[in-house]
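J.: Let me begin by handing over the structure; questions about it come next.
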Amino acid sequence: MLNQRKLNIVPSYRVDNPSLDQEARKTAMRLREMGREDPLNFWAEMSREVDWFQSWKKVLDESNAPFYSWFVGGKLNVSYNCLDRHIAGWRRNKAALIFESERGESRVLTYQDLYREVNRLASGLLKLGVKREDVVTIYMPMIPEAVIAMLACSRIGVPHSVVFGGFSADALRNRLADACSRFVITADGGFRRGRAFSLKENVDRALRETSWAVEKVVVASNTGEAVSMREGRDLWFTDVLAQGELYCQPEMVDAEDPLFILYSSGTTGKPKGILHTTGGYLVGVHTTYKYTFDHREEDVYWCTADIGWITGHSYIVYGPLSNGATVLLYEGSPDYPAQDRFWSIIEKYQVSVFYTAPTAVRLFMKWGEKCPAAHDLSSLRLLGSVGEPINPEAWLWYYRHIGKERCPVMDTWWQTETGMFLITPLPGEESFVPGAAMHPFPGVEVDVLNERGEPVRGEQGYLVVKRPWPAMFRTLYHDPERYLNTYWKRYEGFYLAGDGAKKDEDGIIWVTGRIDDVINVSGHRIGTAEIESVLVEHEAVAEAAVIGKKHEIKGQAVAAFVTLKEGYNGTQELEEKLKGLVVSRIGALARPEEIFFSAELPKTRSGKIMRRLLRDIAEGNVLGDTTTLMDPQVVASIKEKYGSLAG
């Protein structure tokens with residue numbers, strides 16, 4: 001139990017900002033006042049921190065809403081903003097990337113080093129035939145070459161599609177096909193808990209039985225293990241670099257030209273290709289990184305996310321590097337070779353800003369206070385949380401045992417679709433509410449609505465964004481109708497986030513989690529339909545319903561209710577086969593923790609599976625309304641068979 005007096009928690013359950021100074025307070029008040037009085041002028045002012053080849057003529061064009069355009073007429077290059085403008089001065093010799101491998105090997109790339117490698121790869125890609133209309137797929141572990149690949153694509157004005165290295169060959173194939181990628185950049189493999197895993201092998205499997213032609217596969221050497229290289233198609237990363245020039249002219253792109261596509265799970269079996277453009281995205285991530293993390297030149301910043309997710313794009317690569325930050329990259333897990341790995345890294349590199357997920361914090365809590373207490377964490381001055389709502393207990397543990405009650409905690413809410421933080425405290429706030437996302441970032445306006453679209457206070461409703469923001473995605477790749485129907489139809493003119501939330505009388509916002517059929521496992525969003533479609537591939541399965549079940553460490557775990565075809569039995573062997581099938585098709589992160597076999601699934605009279613009731617059963621909750629069910633006895637029989645599955 002935490003000492004409330006020592007933590008200085010006031011009766012409203014606030015924690016006073018332990019590092020508040022007058023300058024920080026003035027900055028927070030100034031930003032919030034600017035954003036409140038004139039949001040468009042606020043973003044116009046923030047855009048001045050980005051280098052433009054050609055100035056924009058209009059901040060926001062709403063004429064084709066909700067297909068908005070930001071910084072209309074502006075021309076720029078993201079790679080130039082992350083590299084070229086820094087190497088003109090003293091930052092050329094400043095560390096841009098500090099890489100720590102799971103095996104303890106380290107590399108440092110200065111801004112000059114990173115600039116050189118990005119130019120060489122960008123030039124090499126052009127020589128391979130990469131064109132502006134292409135989408136380059138990047139499937140790599142957390143190594144510097146992945147960052148180099150992203151920046152090289154942005155340098156030549158070619159959008160990239162980064163696929164998380166934990167995804168399977170089938171998941172990679174689906175994303176390659178949707179993007180119609182002719183070029184893939186990958187690695188021989190990566191390391192996890194002391195073992196090498198293959199990525200090139202997955203690429204080879206993904207490219208079999210394809211209806212389109214991938215022309216070149218560029219392979220970085222990371223594990224050093226032997227891989228199959230197909231003559232004429234496969235090339236080593238170092239060879240492409242060697243063919244490139246030391247300088248590649250940065251492409252002058254329009255503010256609304258695509259920067260990247262990132263595939264996110266949704267409520268259908270098909271992943272959503274979320275398209276982000278250039279100008280508004282860069283302004284958004286540059287600004288939110290700078291002010292949410294109180295960027296200082298001497299900082300060593302560590303975000304523990306993977307570049308395969310939006311957090312890696314916005315707050316490992318583009319936001320920090322456009323600010324000239326020193327970014328730490330770590331390839332590996334937090335418990336290898338020991339449970340103190342993160343704290344030893346913080347101590348070794350004197351990390352000052354640490355940004356991680358509530359899942360990790362809960363894991364650290366489970367391991368206890370001994371590990372962090374054994375290391376000098378005095379370099380830390382600010383903490384961050386990302387990926388899902390952080391419960392108050394985890395927030396307070398993080399604050400006390402990692403931040404030593406002197407580091408404010410920035411609990412950030414945002415999404416793949418939003419591109420940047422939308423709700424977050426600022427370091428200059430006077431106090432924080434553990435577990436609350438707090439207030440919208442300056443220039444952003446959000447609210448909580450009920451079913452009728454009316455603002456509600458003190459009760460759960462739907463989180464919406466009431467005005468456009470610069471880093472917002474522009475559409476779903478190849479699917480504008482789905483973009484409209486999923487995000488903009490329910491409340492006309494408002495963006496529906498898909499999360500539930502509460503807002504109190506002080507305007508403090510608590511995000512309560514997903515309201516659609518998406519599971520948040522360790523901060524990674526997985527569509528239930530994507531897993532269900534894999535389960536029903538098996539010859540024994542007639543029907544499947546997947547839910548997210550509360551999990552002490554992960555936030556949510558995958559649980560599946562499965563109906564079998566006649567002649568099949570729900571054996572332990574079949575359960576393991578189904579779990580293995582999900583891993584092979586999607587990846588280990590989607591593996592169901594539990595599979596429950598049932599003769600029937602609860603459905604409404606219109607035939608819709610009531611996953612809400614299955615979630616109530618799985619978590620041991622009181623069952624909600626069953627009057628709309630076709631056969632209420634189905635729920636009763638499942639509950640009787642499995643009892644409370646909570647815990």
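J.: For the stretch 466-473, take each phi angle, set θ = phi - 60°, evaluate the Karplus expression 6.51 cos²θ - 1.76 cosθ + 1.60, and give the result in whole Hz per residue in order, putting x for glycine and proline.
T.: Whole-Hz 3J(HN,Hα) from phi for the stretch 466-473: 8, 9, x, 10, x, 8, 5, 5.
J.: Please name which of VAL546, TYR247, THR186 has its Cα lying farthest along the dipole of the chain towards the positive end, using unit charges on Cβ (Lys, Arg +1; Asp, Glu -1) and the Cα centre as origin.
T.: Checking the options against the dipole of the chain, the answer is TYR247.
J.: Summarise the long-distance tail of P(r) for the chain by giving the % of C-alpha pairs beyond 40 Å.
T.: 27 percent
J.: For the stretch 354-463, how big is the tail of P(r) above 22 Å, as a whole percent of Cα pairs?
T.: For the stretch 354-463, the fraction of Cα-Cα distances above 22 Å is 37 percent.
J.: Among rounded, prolate and oblate, which fits the stretch 446-514 when a ≥ b ≥ c are the square roots of the eigenvalues of its C-alpha gyration tensor, a/c under 1.5 means rounded, and a/b larger than b/c means prolate?
T.: Prolate, because a/c is 1.5 or more and a/b exceeds b/c.
J.: Under a Cβ-only charge scheme (Lys and Arg +1, Asp and Glu -1), can you give me the dipole magnitude of the stretch 171-230 about the Cα centre, in debye to the nearest 20?
T.: I would put it at about 160 debye.
J.: Quick one: what are the phi-derived ³J(HN,Hα) couplings along the stretch 19-33, Karplus 6.51/-1.76/1.60 with θ = phi - 60°, whole Hz, x for glycine and proline?
T.: For the stretch 19-33, the Karplus-derived couplings read 10, 5, 10, 5, 5, 5, 5, 4, 4, 4, 5, 5, 5, 5, 5 Hz, x marking Gly and Pro.
J.: May I pose another question? At a 10 angstrom cut-off on C-beta neighbours, averaged per residue, how do the peptides 14-24, 395-405, 469-479 rank from highest to lowest?
T.: Going from most to least packed, we get 469-479, 395-405, 14-24.
J.: Right, another one. So what's the stretch 1-141 giving for Cα Rg divided by 2.2 N^0.38 Å, two decimals?
T.: Compactness ratio reported: 1.55.
J.: If you don't mind, another one. Which entries of LYS503/LYS579; LYS503/LYS549; LYS26/LYS366; LYS290/LYS404; LYS94/LYS200; LYS489/LYS565 have Cα-Cα distances beyond 27 Å here?
T.: Among LYS503/LYS579; LYS503/LYS549; LYS26/LYS366; LYS290/LYS404; LYS94/LYS200; LYS489/LYS565, the Cα-Cα distance tops 27 Å for LYS503/LYS579; LYS26/LYS366; LYS94/LYS200; LYS489/LYS565.
J.: Charges on Cβ only, +1 for Lys and Arg, -1 for Asp and Glu, centred on the Cα centroid of the stretch 272-364; of ILE310, TYR291, VAL351, which one is farthest towards the dipole's positive end?
T.: The residue sitting farthest along the positive end of the dipole is ILE310.
J.: Regarding the stretch 518-642, what is the average projected area of its C-alpha convex hull, in nm²?
T.: Reported value for the Cα convex hull: 7.6 nm².
J.: Further, regarding this structure: If you rank HIS160, HIS86 by fewest surrounding Cβ atoms within 10 Å, what's the result?
T.: HIS86, HIS160
J.: Let me ask another. So which GluC sites (Glu not before Pro) in the stretch 24-74 are both in a DSSP loop and have at most 13 other Cβ atoms within 10 Å of their Cβ?
T.: GLU62
J.: With a 10 Å Cβ neighbour count serving as the proxy for reagent exposure, in which order, fewest first, do GLU225, GLU492, GLU417 appear?
T.: GLU492, GLU225, GLU417
J.: Still on this model: Quick one: dipole size for the chain, taken about the Cα centre, charges +1 on Lys/Arg Cβ and -1 on Asp/Glu Cβ, in debye to the nearest 20.
T.: Charge dipole, the chain, about its Cα centre: 340 debye, nearest 20.
J.: OK, next. Counting only residues 5 or more places away or on other chains, whose amide H sits under 5 Å from the amide H of THR512 once H atoms are built in the peptide plane?
T.: Sorted by chain and number, the residues that satisfy this are GLY500, ALA501, LYS502.
J.: Sticking with this one: Can you list residues from other chains, or at least 5 along the same chain, whose modelled amide H is less than 5 Å from the amide H of ARG182?
T.: Amide H neighbours of ARG182: VAL135.
J.: Can you list the residues, at least 5 places off or on another chain, whose amide H is less than 5 Å from the amide H of GLY620, using H built in the peptide plane?
T.: LEU645, ALA646
J.: Same structure, new question: Given HIS86, LEU383, MET472, which one lies farthest toward the positive end of the charge dipole of the chain, if we put +1 on the Cβ of every Lys and Arg and -1 on the Cβ of every Asp and Glu?
T.: Sorting the options by dipole projection puts first HIS86.
J.: Compute, for the stretch 510-603, the length of the dipole vector about the Cα centre, with Cβ point charges of +1 (Lys, Arg) and -1 (Asp, Glu) only. Units Debye, rounded to 20.
T.: Rounded to the nearest 20 debye, it is 380 debye.
J.: Follow-up question, since we're still on this one. Which ³J(HN,Hα) values in Hz, rounded to whole numbers, follow from the phi angles of the stretch 169-176 under the Karplus curve 6.51 cos²θ - 1.76 cosθ + 1.60, where θ = phi - 60° and Gly and Pro get x?
T.: Per-residue couplings from phi come out as 4, 5, 5, 5, 4, 4, 6, 4 Hz.
J.: Where Lys and Arg each count +1 and Asp and Glu each count -1, what net charge lies around SER19 among other residues with Cβ under 12 Å from its Cβ?
T.: Here the charged neighbours net out to -3.
J.: Can you order the peptides 382-392, 138-148 by their average number of other Cβ atoms within 10 Å per residue, highest first?
T.: Going by the mean number of other Cβ atoms within 10 Å, highest first, we get 138-148, 382-392.
J.: How do PHE183, PHE167, PHE67 rank when sorted from fewest to most other Cβ atoms within 10 Å of their own Cβ? Mind dumping the intermediate values first?
T.: Details: PHE183 22, PHE167 25, PHE67 15.
In order of increasing Cβ crowding within 10 Å: PHE67, PHE183, PHE167.
Readers should treat all values here as calculations from the given coordinates under stated rules, not as data from a laboratory. Treat the numbers as computed from the prediction; the structure is a model and nothing was measured. Note that we place each Cβ from the backbone using ideal geometry, even for glycine, and neighbour counts take in every protein chain shown.
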